[in-house]
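Student: Just passing along the structure, written as structure tokens.
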2 protein chains.
Amino acid sequence: MINGSWKKRRISEKLAQRILKVAEEQGYAVNMQASALRKDRSNIVGMIMPKYDNRFFGAIAEQFEALARANNMFPVITCTQRDPDLEVEAARELLSYQVDCLISTGATDPDRITALCAANGVQSLNLDLPGHDAPSVISDNGNAAHALTNLILDRCKAELSWEGPLRFVGGRLSDNNTAARLDGFFRAHNERGIEVPDNHVMAAGYSANSAAGRLADLHPDGPMGIFVNSTISLEGVVRWHSGLGDAAAQVRYGCFDWDPFGSYLPGNVGMVEQDVPAMLEALFGLIGKKPKQADPIRIPCHLRPF
Amino acid sequence: MINGSWKKRRISEKLAQRILKVAEEQGYAVNMQASALRKDRSNIVGMIMPKYDNRFFGAIAEQFEALARANNMFPVITCTQRDPDLEVEAARELLSYQVDCLISTGATDPDRITALCAANGVQSLNLDLPGHDAPSVISDNGNAAHALTNLILDRCKAELSWEGPLRFVGGRLSDNNTAARLDGFFRAHNERGIEVPDNHVMAAGYSANSAAGRLADLHPDGPMGIFVNSTISLEGVVRWHSGLGDAAAQVRYGCFDWDPFGSYLPGNVGMVEQDVPAMLEALFGLIGKKPKQADPIRIPCHLRPF
DNA sequence: CAATCATGCTCCATCGGTTGAGCAAATGTT
DNA sequence: AACATTTGCTCAACCGATGGAGCATGATTG
């Protein structure tokens, strides 16, 4: 009423203005709980998100809020600490608050959340990590990883006169992004006729400590190149790298994901910046639409060589 | 009802269990809109936050959500892009959703938001930047800045045989934190009998570009030391520093706020890590309590020398 | 055995905003 | 003037959870 529905309701301009004026004076604000209850639409778009500890997720959060606001929706983000149980609990909670649409960002089991949403008649979308049962918007991980791998290999050749193979550090083999990136990683090696030994893939999780832990025993006695699978893993790699002493000069790495300080890290040859604005644009294009449920929408990334 | 209030209502254990079982089976969830409307308590704690683009705010967001959940409240964070108008609009929106308590983090005009809350009978709290009209939890900026200034001065003396004065880059003179940090900055200089010329204070905003812009014309012809007033400003400082060529070796800096890659930046002698868990612990101690309205609660910081 | 009390359950008003229905007055039509 | 139509406003049901009032029972007491 207070919004704009009075035009449809044969209320005279004059009365409407008078009401609006009084409302303004009294500092009246619509009780969205009551409004949502009656209209069966809350205008809330919920998002679950693993962490706030890196620029990728931070940018997603900011863009998501900005776009939601621009679309007259109320954004609510909840951070689930990469904990599958917390993801489900948070999704349930958001559904309790009657979200109109729920977006799962980087969820470990997005289809489980889609099922929950379906049971409540709520639209479900996936971001960053794809699901089978709801439309997904993700980065073109394969091609970006291919480009990054080539960049690292090129730099190793140019600066260390060494041809690989690289190592792959960080992430989880079970997750779709890691799989897609590994695919690009292998493809780049294959195209050069380079074999990658199994033990060169060290994907034991995203945390800095697990990356540092896997590298701990590794002290290079010659040139070495590393594909780092997230800025969080990069923290571990850099910690390890900085403890190498002279051997550090023989190491080159690149990272999937961007950080403003990345270009100042010795040995870092480049980073992949995911195109967050484009991803969210695509995502909001799906909100309120019927499923269609094609393949995930893949957004190209920017490779930033240093 | 579905929660636990049936015990008070003389409902038999048996019936209660039967209802709960059916509810479980049907995937029933309480409609929080309806519940909040009736109970006049939403269980929502709102927080407005300037940005998600650095570790400090990211850590606040994560801790806030974790603590809210632990206290059976539903956390809703909204990011306001350091825009005063957006802050007020976001506060209004959160009040529309009937938050039980609203926390202003790093708000440019916290008292305006407190006034809005008061008009709605909602508790208001400030975090990171203090207000006059609501209880505030902030870092002990003055003492931490004093310690950081001393660290930078000591390193300049030891490594560059130079005694200062340092420059102060980033932040806004109008904001309380910048003022408190400047105070510690000056105090450390005064204790050493060092005069700080006016033009050494370059606080033209928090963004990386404004920091880089203010430094652009500055090409050191001797030793130089810089107190950097946030990791975002640090991005600008590092960009400038990396373009200095040989002169870069004559520059030392330290930064208020911590970043995992900070210790690898050449010239960086240390960072201040604010104690986010302690801040939020103190903040949640105030939720639901009567004002008391003493001075801001000041939480000590950790100085991390590199 | 009647009166009192405790137990277990049902009913319904309520929260505040929304919206269809309905009524009265103004305007238009023949 | 008699009737139809439009305009402007008021009323009340409703959304779902909550919790007090109230009504049947069954248990307890003098």
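Student: Treating the angle as unsigned and between 0 and 90°, give the value, to the nearest 10°, between the Cα long axis of helix B:110-119 and the longest Cα principal axis of chain B.
Tutor: 20 degrees
Student: Of the listed pairs A:Lys39/A:Lys290; A:Lys51/A:Lys292; A:Lys39/B:Lys39; B:Lys39/B:Lys289; A:Lys51/B:Lys51; A:Lys39/A:Lys292, which have alpha-carbon separations greater than 24 Å here?
Tutor: On the way: A:Lys39/A:Lys290 21 Å; A:Lys51/A:Lys292 30 Å; A:Lys39/B:Lys39 19 Å; B:Lys39/B:Lys289 19 Å; A:Lys51/B:Lys51 15 Å; A:Lys39/A:Lys292 27 Å.
Listed pairs above 24 Å: A:Lys51/A:Lys292; A:Lys39/A:Lys292.
Student: What's the buried accessible area, both sides, between B and A using a 1.4 Å probe, rounded to 100 Å²? Spell out each step's value before the answer.
Tutor: Details: alone 15850 and 15800 Å², together 27280 Å².
Summing both chains' loss of accessible area gives about 4400 Å².
Student: What longest region of chain A stays clear of GluC sites (Glu not before Pro) that DSSP places outside H, G, I, E and B and that have at most 15 other Cβ atoms within 10 Å?
Tutor: Values: sites that count: A:Glu163, A:Glu195.
Within chain A, the longest run free of exposed GluC sites (Glu not before Pro) spans A:1-162.
Student: While we're on this one: Convert each backbone phi in the stretch A:158-163 into a coupling constant with the Karplus relation 6.51 cos²θ - 1.76 cosθ + 1.60 (shift: θ = phi - 60°), then list the ³J(HN,Hα) values in order as whole Hz, x for Gly and Pro.
Tutor: Going residue by residue, I get 5, 9, 10, 6, 9, 10 Hz, with x marking Gly and Pro.
Student: How many partner chain Cβ atoms sit within 10 Å of a residue's Cβ in peptide B:72-81, on average, as a whole number? Don't skip to the end; give the middle numbers.
Tutor: Numbers: counts 0, 0, 7, 5, 7, 8, 7, 9, 1, 3.
The mean count of partner-chain Cβ atoms within 10 Å per residue comes to 5.
Student: In Å², and per residue, what accessible area does chain A have when probed at 1.4 Å with the other protein chains present? Kindly include the intermediate steps, with their values, before the conclusion.
Tutor: Details: 13620 Å² over 306 residues.
On a per-residue basis, 44 Å².
Student: Using 0.36 nm times the number of residues separating B:Arg41 and B:Asn72, minus their current alpha carbon distance, what extension gain do you get?
Tutor: Details: separation 31, 0.36 × 31 = 11.16 nm, distance 1.24 nm.
Taking 0.36 nm per residue and subtracting the Cα distance, the gain is 9.9 nm.
Student: In the stretch A:16-58, what residues drop by 50 Å² or more in accessible surface going from the chain by itself to the full protein assembly, probe 1.4 Å?
Tutor: Checking the loss per residue gives A:Met32, A:Gln33, A:Leu37, A:Tyr52, A:Arg55.
Student: Separate question: How would the stretch A:178-276 be classified by its alpha-carbon gyration tensor: rounded, prolate or oblate, with rounded meaning a/c under 1.5 and the a/b versus b/c comparison settling the rest?
Tutor: rounded
Student: Can you list the residues, at least 5 places off or on another chain, whose amide H is less than 5 Å from the amide H of B:Ala203, using H built in the peptide plane?
Tutor: Residues meeting the criterion, in which the H sits 1.01 Å from N, are B:Gly170.
Student: How far apart, in nm, are the 7 Å Cα→Cβ label points at B:Lys14 and B:Ile194?
Tutor: About 8.2 nm separates the two model spin labels.
Student: Show the residues, 5+ positions off or on another chain, whose built amide H is closer than 5 Å to the amide H of A:Met47.
Tutor: Amide H neighbours of A:Met47, under 5 Å, 5+ apart: A:Val76, A:Ile77, A:Thr78, A:Ile103.
Student: Now for a different question. List residues of the stretch A:216-239, by number, whose backbone nitrogen lies under 17 Å from a label position 7 Å along Cα→C-beta of A:Ser174.
Tutor: Within reach of a label on A:Ser174, which here means backbone N under 17 Å from a point 7 Å along Cα→Cβ, the stretch A:216-239 contributes nothing.
Student: Would you kindly derive the ³J(HN,Hα) couplings of the stretch B:264-272 from the backbone phi angles with the Karplus curve 6.51 cos²θ - 1.76 cosθ + 1.60 (θ = phi - 60°), listing them in order in whole Hz, with x for Gly and Pro?
Tutor: The phi angles translate into 9, 7, x, x, 7, 9, x, 9, 9 Hz.
Student: Give the long-range amide H neighbours of A:Asp275: residues separated by 5 or more places, or on another chain, with amide H under 5 Å away, using H modelled in the peptide plane at 1.01 Å from N.
Tutor: A:His302
The values are calculated or read from the model by the stated rules, or taken from the named source; none is laboratory data. Since the model is a prediction, treat every value here as computed from it, not as a measurement. When we count neighbours, we look across all protein chains shown, and the Cβ atoms used for this are built from the backbone with ideal geometry, even at glycine. Please note that ligands, DNA and RNA were not included when accessible areas were found on the heavy atoms of the full protein model with its side chains. Shrake-Rupley method; radii C 1.70, N 1.55, O 1.52, S 1.80 Å.
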